[in-house]
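**Q** Sharing a structure, written as structure tokens. Questions coming.
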Amino acid sequence: SGIAYGGGFLWMAANGPARNRPARPGDATSGEVVKIDATSGKTVARYPIPGGGGVHGLIWVANSLWITALKLQKLIQVDVNFKELHSIPVTLTRAHGLGWDGKSIWCLFSNDLVIHRLDPKDGRILEAVQLSKEDPDPHGLTWERGSIYYCDAGIAPSGKSNDSKFAGYV
């Protein structure tokens, strides 16, 4: 559901077994972050999401990983060994993609069609971008060179098609 690179590792958010393909030995069984050695491609560790539940967005910032902890409705900052460093609350459910603009975190909330720019110290909403139902269905998000990019994954929360004409587009 999410991916980031940092600290020499590739970090992947996983939310349980696959639905549309046969199970594989390395599949997640619940919400977790998988830590992969970027050189060898080998899984180094698997970390359960604090508080349980799912995870979507990941972003590497200043030698730490920020994750969306959906059940707790928080963004949690962890170190390279997944030790919790800090957390901030979010006011909406189903936090998805995360972006970093050098000072603040951008967090996409797919159910509410809104993107919040958050203060990483306390979670205060600094800015909001409201999308409409006519826009592409928001899923993943990143920030790059002064712009927000988000994608329409083509899937609804149920895992079925969202029937969006923008499915697969950024």
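**Q** Relative contact order for segment 47-116: what percent, with Cα pairs under 8 Å and sequence separation of 6 or more?
**A** With pairs under 8 Å counted, the relative contact order is 22 percent.
**Q** Right, here's the next one. Starting from segment 107-170, pick out the GluC sites (Glu not before Pro) whose DSSP state is loop and whose Cβ has at most 15 other Cβ atoms within 10 Å.
**A** Here the sparse-neighbourhood loop sites are 134.
**Q** Normalising by the residue count of the chain, find the relative contact order in percent from Cα pairs under 8 Å and 6+ residues apart.
**A** 12 percent
**Q** Right, another one. Accessible area per residue for the chain in Å², computed with a 1.4 Å probe and the full protein assembly in place, what is it?
**A** Accessible surface, normalised per residue, equals 54 Å².
**Q** Let me check against my output: what whole-number percent is the relative contact order of segment 1-52, with C-alpha pairs under 8 Å and at least 6 apart?
**A** Computed value for segment 1-52: 30 percent relative contact order.
**Q** Could I ask something else about it? Report, in cubic angstrom per residue, the convex hull volume of the C-alpha atoms of segment 38-78.
**A** Value for segment 38-78: 83 Å³ per residue.
**Q** Oh, and also: Which label marks the calculated value of mean projected area of the Cα convex hull in nm², given the options (i) 9.9; (ii) 14.6; (iii) 10.9?
**A** The calculated read-out lines up with (i).
**Q** Taking the convex hull of the Cα atoms, report for segment 117-170 its projected area averaged over all directions, in nm².
**A** So the Cα hull casts an average projection of 4.9 nm².
**Q** Find how many whole Å separate the alpha carbon centroid of segment 109-139 from the alpha carbon centroid of segment 6-50.
**A** That distance is 26 Å.
**Q** Counting Lys and Arg as +1 and Asp and Glu as -1, each charge on the Cβ, what is the dipole of segment 19-139 about the Cα centre in debye, to the nearest 20?
**A** The calculation lands at about 400 debye.
**Q** Share of the chain's accessible area from carbon and sulfur, percent, 1.4 Å?
**A** Carbon-and-sulfur percentage of accessible area, whole number: 53.
**Q** Same structure again: Run the numbers for residue 37 and residue 127: contour at 0.36 nm per residue of separation, minus the present Cα-Cα distance, in nm.
**A** Extending this stretch completely gives an extra 28.8 nm.
The values are calculated or read from the model by the stated rules, or taken from the named source; none is laboratory data. Computed from a predicted structure; not experimentally measured. Positions of Cβ are generated from backbone atoms using ideal geometry, with glycine treated the same way; all protein chains shown enter the neighbour counts. All accessible areas refer to the heavy atoms of the entire protein, side chains included, with ligands and DNA or RNA removed. Shrake-Rupley method; radii C 1.70, N 1.55, O 1.52, S 1.80 Å.
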